[in-house]
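Below is one structure, written out as structure tokens; comments come after it.
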Amino acid sequence: AELGLADGAFVFGAHGRVLARKGYLEMIRAARLARDAMTEDEKAHVAFVLVGDTPEDIGGDHLAECKELARELGLERVFHFTGFRGDVRPYVRDFDVAVVPSVYEDPLPRAVIESMAFGVPVIGTDVGGIGEMLDDGGGCLVPARDERALADAMLRYLRDDALRARDGARARERVLREFDARAHAARIRDEIARAVFDA
């Protein structure tokens, strides 16, 4: 509602710090490729959303670069930029598919875990720890900087309700099993105990 999207809009969303290494320019170009392959009906109800801003201490304004690219590619009406939000949960909850398009060895992006926690399937680039986070289902991996592969993955999820539901359920299960804070703390405790008592 905040973005003026129609009821039933299908949202490809991303959230986090808006930095060049996070691959948002690649996501915007992939969105253009995906739209070019959509039917008129699909185009009418698909939106792209980026929640976040470029931190002031980074220097430069990558968010402005992203907005300019979206305008140049004719996406200004369908690619929405919210700017910084202190609580991203209401936005992530409304994503149909999350996109984590990092182009560097991103070690453990929280955006993957946060999306999976809401049962949202994730399209991630196969860099850093993203591959490990999605290797047991919950989404799909594409090569970094491969905008065509990213666009194709978007179209697959858009057109396959069963795939989206299955991967969303797997995402939620994986988060509860592997990334729940209590379970993670228990594993750390056990590792420390092993190191101390087995030394």
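Which pairs have Cβ atoms under 9 Å, sit 6 or more apart or on different chains, and link a residue in the stretch 180-192 that is free of Cβ contacts under 8 Å to residues at least 40 places away in the same chain to one that is aromatic (F, W, Y) and part of a helix (DSSP H, G or I)? If the second residue must be aromatic (F, W, Y) and part of a helix (DSSP H, G or I), no pairs are left. Could you please find all residues in the stretch 106-116 being open to solvent by 30 Å² or more (accessible area, probe 1.4 Å) and within 18 Å of R164 (Cβ to Cβ)? Matches in the stretch 106-116: E114 only. Of the helices (runs of 4 or more DSSP H) lying entirely inside the stretch 49-154, those containing at least 3 residues that are under 14 Å from the mean Cα position of the chain (by Cα) are 89-94, 110-117, 130-134. Criterion applied to V103, V142 was being hydrophobic (A, V, I, L, M, F, W, C), over 15 Å from R174 (Cβ atoms) and surrounded by fewer than 21 Cβ atoms within 10 Å (Cβ to Cβ), and the one residue passing it is V103. Do you know which residues across the stretch 21-37 are under 12 Å from P101 (Cβ atoms) and buried (at least 16 other Cβ atoms within 10 Å of the Cβ)? Matches in the stretch 21-37: K22, G23, Y24, L25, E26, M27, I28, R29, A30, A31. Give the stretch 32-68 a look and list any residue that's in contact with a helix residue (DSSP H, G or I) (Cβ under 9 Å, 6 or more places away or on another chain), among the aliphatic types (A, V, I, L, M) and over 19 Å from A111 (Cα atoms), or say none. Matches in the stretch 32-68: L33, A34, A37, M38, V46. For G124, indicate whether it is open to solvent by less than 70 Å² (accessible area, probe 1.4 Å), free of Cβ contacts under 8 Å to residues at least 40 places away in the same chain and farther than 18 Å from E178 by Cβ. Criteria not met by G124.
Take G16 and tell me if it is at pLDDT 95 or above, on the phi > 0 side of the Ramachandran plot and open to solvent by less than 20 Å² (accessible area, probe 1.4 Å). Considered against the rule, which asks whether it is at pLDDT 95 or above, on the phi > 0 side of the Ramachandran plot and open to solvent by less than 20 Å² (accessible area, probe 1.4 Å), G16 comes out as no. Filtering the stretch 38-55 to residues that are surrounded by 15 or more Cβ atoms within 10 Å (Cβ to Cβ) and among the acidic types (D, E) leaves E42, D53. Only one entry of D94, D126 meets the criterion of being closer than 20 Å to A9 by Cα and at pLDDT 95 or above, and that entry is D94.
Contact annotation: residue pairs with Cβ atoms under 6 Å, 6 or more positions apart or on different chains, pairing a residue in the stretch 80-93 that is touching a residue at least 60 places away in the same chain (Cβ under 8 Å) with a partner that is part of a helix (DSSP H, G or I), are V92/E114; V92/S115. Put simply, of G4, G74 the only residue that is open to solvent by 40 Å² or more (accessible area, probe 1.4 Å), on the phi > 0 side of the Ramachandran plot and modelled with pLDDT under 95 is G4.
The values are calculated or read from the model by the stated rules, or taken from the named source; none is laboratory data. Small disclaimer: the values here were computed from a predicted structure and weren't measured. Neighbour counts are summed over all protein chains in view; Cβ atoms, including those assigned to glycine, are modelled from backbone coordinates with ideal geometry. These accessible areas exclude ligands, DNA and RNA; they are computed on the full protein's heavy atoms, side chains included. Shrake-Rupley method; radii C 1.70, N 1.55, O 1.52, S 1.80 Å.
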